[in-house]
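> Quick one: the structure is below, questions incoming.
The values are calculated or read from the model by the stated rules, or taken from the named source; none is laboratory data. The structure displayed is predicted, hence computed values, not measured ones. Using ideal geometry, Cβ is built from the backbone for each residue, glycine included, and neighbour counts are taken over all protein chains shown.
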Amino acid sequence: MAKLYFKYGAMGSSKSAQALITKFNYEEQGMSVWLIKPSIDTRDGQEIVKSRIGLKQFADVILPDDDIKLRYEKFDSKDVIIADESQFFTPEQIDQLRDVVDEYDVPVLCFGLRTDFQTKFFPGARRLMELADSITEIKTVCTCGRKATVNARIDENGNIITEGEQVLLGGNDRYVAMCHKCWSNKIKLQK
Ligand SMILES: [Zn+2]
């Protein structure tokens, strides 16, 4: 039986690289893969999934109003679905992916963040935690050596920001993964 997978990790934990390597492995076995990525704004079309180690591939962009199951049925009925940045799907879209797994016996592998810069769930990540058959953490380390779990948002001077919108458009270089202890210590020192 196919499964819904949620593979989460903090910023910089090589989720995109893992997604692309997984795609390659499936394709090497002769299976077709639909690589998708949610749009956090309204741009349509294709976007690139790229990792810091240089791997990149085009992905189909899913808009917030898209019905992923309908789209899968009509156009993209591949053997496997791999999604990057899955935290930005709506909860309804995670339900649609769940239905694809159940009705078509197609594995769906969702890579993404668990929580935002305030340590709160992204709605899509919460729904994945509720519905996934398999939940695994892709680990990365803080500068102190502990496991990094917090996606700290920083300003141009490197200070941690704790207020603001959940999504900062185009702000990927504004995040640092750190452990909770370093995160809260740094916030205390800033005061
Ligand atoms: Zn630390």
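> Mind checking which residues of the range 139-191 are among the basic types (Lys, Arg) and either more than 9 Å from the ligand (Cβ to nearest atom) or touching a strand residue (DSSP E or B) at 6+ places or on another chain (Cβ under 9 Å) (or both)?
The answer is 139, 146, 147, 153, 174, 186, 188, 191.
> Now, a different point. Can you tell me which residue is surrounded by the most Cβ atoms within 10 Å (Cβ to Cβ) among those in the range 23-40 that are assigned to a strand (DSSP E or B) and not basic (Lys, Arg)?
Across the range 23-40, the extreme among qualifying residues is 36.
> Would you mind stating whether residue 112 is within 16 Å of the ligand (Cβ to nearest atom) and either within 22 Å of residue 189 (Cα to Cα) or assigned by TED's automatic domain parsing to the domain that holds residue 94 (or both)?
So residue 112 does not fit the description; no.
> What pairs come out if I take residues in the range 138-163 that are at negative phi and pair them with residues that are among the acidic types (Asp, Glu) and outside any strand (DSSP E or B) whose C-beta lies under 7 Å away, six or more apart or interchain?
Within 7 Å, the pairs are 151/116; 161/155.
> Any residue at all in the range 100-119 that is free of Cβ contacts under 8 Å to residues at least 12 places away in the same chain and among the hydroxyl-bearing types (Ser, Thr, Tyr)?
no
> Another one. Residues being farther than 23 Å from residue 75 by Cβ, among the charged types (D, E, K, R) and not in a helix (DSSP H, G or I): count how many of those fall in the range 97-129.
Result for the range 97-129: 3.
> If residue 70 satisfies every condition in (1) in contact with a Gly (Cβ under 8 Å, 6 or more places away or on another chain); (2) at pLDDT 95 or above but one, which is the exception?
It is condition (1) that residue 70 fails.
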